[in-house]
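In what follows, a single structure is set out as structure tokens and then discussed.
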Amino acid sequence: MSHYDLIVIGSGPAGEKGAAQAAYFGKRVAIIEAQARPGGACVNTGTIPSKTLRESSLYLSGVRSRGLFGVNYLIKRDISVQDFMYRKHYVVGREIERINRNIDRHRIDLIEGWAQFAGPREILVDGPKGRQRLTADIFLIATGSTPHHPAGFPFDLPGVYDSDTILDIKDLPRSMAIIGAGVIGCEYATIFAALGARVILVDGREQMLPFLDRELSQKLHEQMMRLGIQVLFRESVTGVERMDGVLRVRLKSGDDFDVAAVLNTSGRNGNIAKLALDKAGVQTGERGRVVVNDHFQTSVPHIYAAGDVVGFPALASVSMEQGRVAMCHAFGIKYKDRVSNLLPMGVYTIPEVSAVGETEESCQEKGIPHEVGRAGYAGNARGQIIGDEDGFVKLVFHRENLRLLGVHVIGEKASELVHIGQAVMSFNGQIDYFIQTVFNYPTLSELYKYAAYDGLGRLSRRVQMEGVNALKKDAAE
């Protein structure tokens, strides 16, 4: 029996970074990974593959170049799955190499096999080398998640996929129905639409991505319609059946339509089925999520959990920090004591969307006096150079002290641009920082300066109008 200071179950973002954090401070660490390749869903079926496929679709379809030279490029009709997947295979391979190097560099034992708890401080690992019995002082559950399969949905039909199996697609479909206008659904909708597929996106809500500032959500909807995507709001799928070589999708409204492929993106479940958490006394919640406190401790104090398996926000970037923070708390390391409360969100649709902080709607709900400033890519030299005339940066700031409260970006490099505002917010900065600073020219970063000018102009006009209204009221009285 081998004993470790820490045993991590799962080698995704939370597991890898949590293990490395503990090993960096001299702890003896093992990672148990059920698959032959490390990286979890992030590297093998989720974040890295889908974002790489987005770039491949932009390149192969010519979408990024449309309008750049005054020419509307036609989609290349000879794109094959091999073309589409080539870069994905390459990038995934390189990322797996990086993870293996990181594990080796920190002298972490990587053990292949399925882990299950035999007690609060003991696990059994069934792998290629047979069964091993391991013990540890601390455990970190970082087993990630898998696509949720609603009861009765025919995932066994040819042409029906979830967000994992879509990566095994053999032919690029001419038409596709996507169920769920969440992050995954919207991303894949734009990817396949860019490649020329007729895409129908079905969602029961009134707005896609309702966590976004409404203005960004509406702009994304407009851009998706320009790609030819049909979005059916307040609608749901009641059945899918294969008829005459196509998939017939039946809707709650009574309508139906035929497509070549169906992608169901109905959320994800925590990977806990084989862990035997009951034998360790670990409490779980809905959809296989492990219940944790602010330190990512489970109901058993020496067992921690981080990443998708604990639920929201289920972002690779946040999962990494959760793993690090959890292990710092577990071993009393005075390095990280919390995950930042400023969590940027990146949605890798076409166009890209990213945001951090308050929205206009959240300010209204909280009663925060606020103003906004906007600057569009069309009025920016770099925006003109790259041919993006629809993107914009939107700043939300406090009306009284000018403190930056939120940043919302749609357009090329949105997920990179948002970090400038995030840094200013982390120091409670005001929007006049952007007025005073000097940005490289030409850059998209300059949009911050002109969004700030716009916001201060709006604020000045508001103050003037309020003064005029006050004088009118006094005169009336």
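The values are calculated or read from the model by the stated rules, or taken from the named source; none is laboratory data. This is a predicted model, so every value here is computed, not measured. Note that each Cβ is placed from the backbone with ideal geometry, even for glycine, and that neighbours are counted across all protein chains shown. Note: areas computed on protein heavy atoms with side chains; ligands, DNA, RNA excluded. Shrake-Rupley method; radii C 1.70, N 1.55, O 1.52, S 1.80 Å.
Numbers for the structure displayed
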item: Residue under evaluation PRO313, criteria (1) modelled with pLDDT under 95; (2) under 30 Å from LYS170 (Cβ atoms), criterion not met; result: (2)
item: Residues satisfying the stated conditions in the stretch 13-48, i.e. part of a helix (DSSP H, G or I), closer than 22 Å to ILE166 by Cβ and of a type in the set (S, T, N, Q); result: ASN44, THR47
item: Filter result (open to solvent by 30 Å² or more (accessible area, probe 1.4 Å) and either closer than 30 Å to PRO313 by Cα or part of a strand (DSSP E or B) (or both)) within the stretch 258-272; result: ASP258, SER266, GLY267, ARG268, ASN269, ASN271, ILE272
item: The stretch 200-222, subset open to solvent by 30 Å² or more (accessible area, probe 1.4 Å), outside any loop (DSSP other than H, G, I, E, B) and out of contact with any Phe, Trp or Tyr (no Cβ under 8 Å at 6 or more places or on another chain), residue farthest from PRO344 (Cα to Cα); result: GLU222
item: Only one of GLN364, GLN384 that is under 22 Å from LEU456 (Cβ atoms), of a type outside the set (Val, Ile, Thr) and open to solvent by 50 Å² or more (accessible area, probe 1.4 Å); result: GLN364
item: Scope the stretch 106-130; condition at pLDDT 95 or above and either in a helix (DSSP H, G or I) or open to solvent by 90 Å² or more (accessible area, probe 1.4 Å) (or both); matching residues; result: ARG107, TRP114, ARG121
item: Whichever residue in the stretch 274-296 is open to solvent by 50 Å² or more (accessible area, probe 1.4 Å) and in a loop (DSSP other than H, G, I, E, B) and, among such residues, is nearest to ALA118 (Cα to Cα); result: LYS274
item: SER299 vs. criteria among the small types (Gly, Ala, Ser), farther than 16 Å from GLU16 by Cβ, open to solvent by 30 Å² or more (accessible area, probe 1.4 Å) and not in a strand (DSSP E or B); result: yes
item: Close pairs from the stretch 446-458: first open to solvent by less than 20 Å² (accessible area, probe 1.4 Å), partner modelled with pLDDT under 95, Cβ under 8 Å, at least 6 apart; result: LEU447/GLY383; ALA452/ASP432
item: Matching residues in the stretch 134-182 - criterion: being without any contact (Cβ under 8 Å) to a residue 12 or more places away in the chain and in a strand (DSSP E or B); result: none
item: The listed residue being over 30 Å from ALA314 (Cα atoms) and either in contact with a helix residue (DSSP H, G or I) (Cβ under 6 Å, 6 or more places away or on another chain) or buried (at least 22 other Cβ atoms within 10 Å of the Cβ) (or both), out of PRO442, PRO344; result: PRO442
item: Criterion: closer than 28 Å to HIS329 by Cβ and surrounded by 15 or more Cβ atoms within 10 Å (Cβ to Cβ) - qualifying residue of ALA136, ALA193; result: ALA136
item: Count of the stretch 304-334 residues which are without any contact (Cβ under 8 Å) to a residue 60 or more places away in the chain and farther than 23 Å from LEU417 by Cβ; result: 7
item: Restricting the stretch 314-329 to residues that are open to solvent by less than 30 Å² (accessible area, probe 1.4 Å) and within 14 Å of GLY270 (Cβ to Cβ), the residue that is nearest to the chain's Cα centre (by Cα); result: SER319
item: Filtered residues of the stretch 223-253 (kept if outside any strand (DSSP E or B) and of a type in the set (Val, Ile, Thr)); result: ILE229
